[in-house]
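The values are calculated or read from the model by the stated rules, or taken from the named source; none is laboratory data. Note that the structure is a prediction, hence the values are computed from the model and not measured. Methodologically, a virtual Cβ is constructed for each residue, glycine included, from the backbone with ideal geometry; neighbour enumeration extends over all protein chains shown.
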Amino acid sequence: MPASQEALEPISDDVLVERLRGGDESAFELLYERYFRRISVFVGRRIDNRADAEETVQEVFINVFSSIGGFRGDAPFVAWVFGLTRRTIANHFKRKRHPTVPIDETSDETDAVHPACTSATASPLEAYECSERAARLGEVLDAHLNEEQRMLFRLHHLEERPIAEIARQLGKSEDAVKSNLYRTRKVLLAS
């Protein structure tokens, strides 16, 4: 292959990783350029605050650089990078300080807890983990279940309709609905 054509061929991730492990900083720059946009979009969809998202993206690449020795090559490099990105986002939410609520000096101790603090709202980490699980569940629903199974799952688990009502609506026996829901849950749990 002529040298000019070699220069036009993209360098594989595996080659760049080996060069980076050998101390070639330009290999890191190429990996950074290759994945920066994808990682930025991924992080930006999960962290609403732009400054926090930008900081997290930079932390991801610091983690890539410092952890490159741990990349075994069992999976594609891109999968490893996105796994590292997910862990970095989770760590961001774990260490994010929650806002404090000042105690009103005029109230007594029993009234000191602000109503917002006693609500059952999810922490940022819990919200992130929930959205990740929901996204994976949606992918599995689309990829591995037929239309009837998706409908049964929606009716019973999301709309919380009783099996007897679903069976009447679909003109099926309750046992048939239960059996199909069982198979649906089995597919979801296996994925």
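Values for this structure:
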item	result
Yes/no for Glu132 being of a type in the set (Asp, Glu), modelled with pLDDT under 85 and touching a helix residue (DSSP H, G or I) at 6+ places or on another chain (Cβ under 8 Å)	yes
The listed residue being surrounded by fewer than 10 Cβ atoms within 10 Å (Cβ to Cβ) and either free of Cβ contacts under 8 Å to residues at least 24 places away in the same chain or touching a Ser or Thr at 6+ places or on another chain (Cβ under 7 Å) (or both), out of Glu29, Glu18, Glu54, Glu9	Glu9
Count of residues meeting criterion [in contact with a Leu (Cβ under 7 Å, 6 or more places away or on another chain) and among the hydroxyl-bearing types (Ser, Thr, Tyr)] in region 23-45	0
Hits in region 39-51 (condition: in a helix (DSSP H, G or I) and free of Cβ contacts under 8 Å to residues at least 24 places away in the same chain)	Ser40, Val41, Gly44, Arg50, Ala51
Residue list for region 59-84, restricted to those being loosely packed, with under 15 Cβ neighbours inside 10 Å and not charged (D, E, K, R)	Ile62, Phe65, Ser66, Ser67, Gly69, Gly70, Gly73, Ala75, Pro76, Val78, Ala79, Gly83
Among residues of region 46-60, those that are polar (S, T, N, Q) and modelled with pLDDT of 90 or more, counted	2
Cross-chain or 6+ apart pairs with Cβ under 7 Å, region 74-95 first and in the same structural domain as Leu16 (by TED's automatic domain parsing) and small (Gly, Ala, Ser), then part of a helix (DSSP H, G or I) and modelled with pLDDT under 90	Ala90/Leu125; Ala90/Tyr128
Residue identified as touching a residue at least 12 places away in the same chain (Cβ under 8 Å), at negative phi and among the small types (Gly, Ala, Ser) among Ser131, Ser173	Ser131
